[in-house]
Structures are given as C-alpha cells and as structure tokens.
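The values are calculated or read from the model by the stated rules, or taken from the named source; none is laboratory data. Since the model is a prediction, treat every value here as computed from it, not as a measurement. Neighbour counts run over all protein chains shown; Cβ positions are idealised from the backbone, glycine included. For the accessible areas, the whole protein counts, side chains as well, though only heavy atoms, and no ligand, DNA or RNA atoms are used. Shrake-Rupley method; radii C 1.70, N 1.55, O 1.52, S 1.80 Å.
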Amino acid sequence: MNLKRIFGAILTILGVISLIYAAYVFVNTEAVEKNIKTAVIYGVLGLIFFIAGIGLIRTTKDES
C-alpha cells in the first residue's frame with residue numbers, strides 16, 4: 001500500500017469528522033458569534049482536508 005494513499009485516507013477521515021463537528025456546532029448555536037466562528041473555521045478546514053485527501057487518493061497510482 002502506498003504511503004500517499006494512507007495519508008489521503010487519513011486526511012479524508014479528518015475532513016469528514018471536522019465537517020460533522022462543524023454541522024453539530026452550527027445546529028446547536030444560539031446566536032452567539034463565537035460559536036458561529038467556530039463552525040465556520042471547522043467547516044472550512046474540514047472541507048480543505050476532505051478535498052486534499054480525496055485528491056491524493058485519486059491521483060496516486062497503485063503500484064504493486
């Protein structure tokens with residue numbers, strides 16, 4: 001197994017977890033600006049991790 005694919009899978013999993021947490025924080029926000037900022041930060045970072053992980057998995061060729 002290729003190291004880039006493993007790293008891509010880890011990034012993808014971290015991205016999904018961050019996006020789920022951002023959605024959880026956003027749903028449980030009571031109009032407090034700090035919680036909205038937290039949701040946006042986790043959402044953006046989760047999206048970046050998710051896209052980077054999927055990109056690594058798709059572009060890495062499997063050499064066995």
Members of the stretch 41-64 found to be at pLDDT 90 or above and farther than 12 Å from Gly8 by Cβ, listed by number: Ile41, Tyr42, Gly43, Val44, Leu45, Gly46, Leu47, Ile48
Qualifying residue in the stretch 31-40 (condition: part of a helix (DSSP H, G or I), open to solvent by less than 50 Å² (accessible area, probe 1.4 Å) and either touching a His at 6+ places or on another chain (Cβ under 9 Å) or not β-branched (Val, Ile, Thr) (or both)): yes
In the stretch 46-64, the residues that are assigned to a helix (DSSP H, G or I) and open to solvent by less than 80 Å² (accessible area, probe 1.4 Å): Gly46, Phe49, Phe50, Ala52, Gly53, Ile54, Gly55, Leu56, Ile57
Tally of residues being within 9 Å of the chain's Cα centre (by Cα), touching a residue at least 40 places away in the same chain (Cβ under 8 Å) and open to solvent by 50 Å² or more (accessible area, probe 1.4 Å) across the stretch 1-30: 1
Matching residues in the stretch 45-62 - criterion: being of a type in the set (A, V, I, L, M) and more than 8 Å from the chain's Cα centre (by Cα): Ala52, Ile54, Leu56, Ile57
